[in-house]
Structure formats: structure tokens, C-alpha cells
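Structure, as C-alpha cells:
The values are calculated or read from the model by the stated rules, or taken from the named source; none is laboratory data. Remember, predicted model here, so these are calculated numbers, not experimental data. Glycine gets a Cβ as well: all are built from the backbone with ideal geometry, and neighbour counts include every protein chain shown. Heavy atoms of the whole protein, side chains included, go into the accessibility calculation; ligands, DNA and RNA do not. Shrake-Rupley method; radii C 1.70, N 1.55, O 1.52, S 1.80 Å.
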Amino acid sequence: MDILGAFAEFETQSLAAIAAAADEAALEQVRVDYMGQKSGRIRDLQKLLGMADKDQKPVVGKRFNEVRTAISAALEERAVGLRAAAAETSSSFDVTLPGTVQRGGRLHPITQVINEFRELMGRFGFTVVDGPEIEDERHNFEALNIPEDHPARDPLDNFYLACAGAVSGGPVLLRSQTSTVQIRTMEQTQPPIRIVSLGRVYRPDTIDATHSCMFHQMEGLLVDRHVTMAQLKTVLSQFAHSFLGPDVEIRFRPSFFPFTEPSVEVDMRWGDTWMEIGGAGMVDPAVFESVGYDPEEYQGFAFGLGIERFCMKHFGVDDIRRFYENDLRFLSQFG
Ligand code: DAH
């Protein structure tokens, strides 16, 4: 019997069958038919191997291994090819289907303005500090020289909370101004001080296009020796120029705040209109005394600006309520 001839025939036939297998299932069938351990045709070859003459055995054995290796390699190669072809034609990737739009998030317009304010004031050397939104009367009123009978302390003009403060035990309220942070900073630091604080404040105002019961302020405080109102005006006008451009003007109008003396309202001119943007002044000596600073030694200026005002003007928004409605059609227009 021509054992080597039988091997050659087996090899040719199995390689042809492998090449003809149209998919992975067909290829698996070919593998079982030819190479299967239980009933594959390879078993016939093994039997022939056993029948070979003693001197023929080394040659036949070597050839048997070669054939087996060649077929295994061919099976593997064909499997890889079929898999790649299947992936290419598979319906999981249809180039004609519309893509999935990746919707990127963006910062809220007010957050954008807050970030820009921080950055601008940082360049003027002001550090950003934070304060709590739930305050006691000392920080919201008393240390700011706002007496008990001042209309700003009317319970109806503030959001007092029904619980007492955890530390002081006294009444607590949602802060009505960021000026509270002036006190908190001075209580913990010695001059010189140069800080801004940006955050939410709460007042039970009637809500309309320009009023909200929650809005944002930027508070500024500078304390040092030889501080003047001219420096206050310079800082605010430099700030306005940086944010809005060189044409913007700034104007002070005499006013009154319990925590500054003298006090001013700050207006900015955008185009033809003057707009009130906040209050400012020289820190009242009574405030210094309430935090243990010597008013003879130090002076300071402070300011509080409404952030929504800037934001509305900057983005051309005419109703403050839009900022808080979480309407993506509105919010996605900015940034
Ligand atoms: N806290 C004042 C308000 O909410 C604004 C203000 C006025 C802040 C004068 C100041 C200041 O720091 O000096 O109406």
C-alpha cells in the first residue's frame, strides 16, 4: 500500500475543503471531518502509520506530522480570514445609518461669568474665598454695623430658617448679601487683605424679569494701610474694562450702606445707558472694630456687584428667570 500516496491525497483533499469552506460553521465541519479525534479521516492515516514497515516508519512518521501541521495551520489561517470577512460585512456597522451625536455639556452662563470674574480679579491680586450660604445674624448684619431696627433685618425681607444655628444657637438665615464673607475673612486673617467672594444670596423679592429670590454677587474687600477711594475706583474701572472693553465708563453716586463710609452706588455705562451694578465704599470703622482691627491703623474699601446684571448684558438676555429654568434650548446657546 502506498502510504505516502494516501497522505498526499488526504492533504490535497483537506486543503481543498478548507479553501472551499464558505463560513466559520462550514470550516468547523471540515475540521471535524478530517481532523476530528473520534471519527475524522486522520484516524485512517494513523492506522496506516501503524501498518508501515519498520524501516519505512521514520519517513512515514515525519510525513504524517508534516501533513497534520500543514492542515492545522491552514484551518487556523482560514478561520482568521473568515472572521475578518464576517466582521467587514456584518450588519453591526452600517455606513448609511446616521451617526449618534455626542452632546457635550457646557458651563452655565452664570458660572462662565463667575469664572471670568475670578480670573480677572486674580490678575489684580485678589484671592477667591468662599463663605456659607446659611448665616447667623452676626455675620449677615451685626458685625456689618446693621442695627437691629434697620429695615434690611425685617424678617419679611429675609429667609430666616426655622432651625437655630448649630453653634451659636441664635437665629439663622440664608445670607442676603456676600458682605458676610468680609467679616468671616477679617475674623480669621490679619491685614493686608485682598479678597473676592462670588456666590449666591437670597431675598424674598417678588420675582419678575429683573428680580429673583436667589441671585449671585461678587464681593470685594481690600484692607491695608493708606487705602483710598481712588484705588477703589481704579480697581472697579480696570475690572470693567477688562470684562467689557475700554469704552466702558464707571460712575459713583453718593449713597448709604451701614458697613461703608462714605458709600456709593456704582454705575457702568454700556453704549448709551448707565446701569447700576452694585454698591461700594470705604470700610466703616465700626466694622473694623467688630472684627478687632484698629481703625486708626487700617483703611479698606469694599464692593458688592450683582453678577446677573453683567451676565444679562453680556449675553443679551432680557429676563433673569431664564437663567434658572434649566431649559436646555436656552442654556445651550451660551459657550
Ligand atoms: N451688600 C450690599 C447689597 O447687597 C452691596 C454692597 C454695598 C457691598 C457696599 C459692599 C459695599 O461691599 O461696600 O446690597
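Quick check on my filter: what residues within the stretch 286-298 are surrounded by 13 or more Cβ atoms within 10 Å (Cβ to Cβ) and out of contact with any Phe, Trp or Tyr (no Cβ under 9 Å at 6 or more places or on another chain)? Within the stretch 286-298, 289, 290, 291, 293 meet the criteria. Screening the candidates 184, 194 for the property of being touching a residue at least 40 places away in the same chain (Cβ under 8 Å), away from the ligand (no atom under 12 Å from the Cβ), open to solvent by 10 Å² or more (accessible area, probe 1.4 Å) and not in a helix (DSSP H, G or I) yields one hit, 194. The C-beta contact set for the stretch 169-181 (first residue in a loop (DSSP other than H, G, I, E, B), second residue among the charged types (D, E, K, R) and open to solvent by less than 20 Å² (accessible area, probe 1.4 Å), distance under 8 angstrom, 6+ apart or interchain) comprises 175/135; 177/219; 178/219; 179/219. If we scan the stretch 122-138, do we find a residue that is outside any loop (DSSP other than H, G, I, E, B), surrounded by 15 or more Cβ atoms within 10 Å (Cβ to Cβ) and of a type in the set (Gly, Ala, Ser)? No.
All conditions in (1) within 23 Å of residue 125 (Cβ to Cβ); (2) away from the ligand (no atom under 13 Å from the Cβ) hold for residue 292, with the sole exception of (1). The set of residues in the stretch 263-287 being closer than 27 Å to residue 148 by Cβ, more than 10 Å from the ligand (Cβ to nearest atom) and free of Cβ contacts under 8 Å to residues at least 60 places away in the same chain consists of 285 alone.
Just so you know, in the stretch 267-278 the residues that are assigned to a strand (DSSP E or B) and over 21 Å from residue 230 (Cα atoms) include one that is least open to solvent (accessible area, probe 1.4 Å), and it is 270.
Each row is one residue, and each column tells you yes or no for (1) surrounded by 14 or more Cβ atoms within 10 Å (Cβ to Cβ); (2) more than 33 Å from the chain's Cα centre (by Cα); (3) among the β-branched types (Val, Ile, Thr); (4) part of a loop (DSSP other than H, G, I, E, B).
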residue	(1), (2), (3), (4)
223	yes, yes, yes, no
233	yes, yes, no, no
237	yes, no, no, no
242	yes, no, no, no
246	no, no, no, yes
254	no, yes, no, no
280	yes, no, no, no
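Is it the case that residue 281 is over 13 Å from residue 300 (Cα atoms) and assigned by TED's automatic domain parsing to the domain that holds residue 195? No: the conditions fail for residue 281.
Selection of the stretch 7-56 for residues being surrounded by 16 or more Cβ atoms within 10 Å (Cβ to Cβ), of a type in the set (A, V, I, L, M) and not in a loop (DSSP other than H, G, I, E, B) yields 15, 17, 18, 27, 30, 35, 42, 45, 48, 49.
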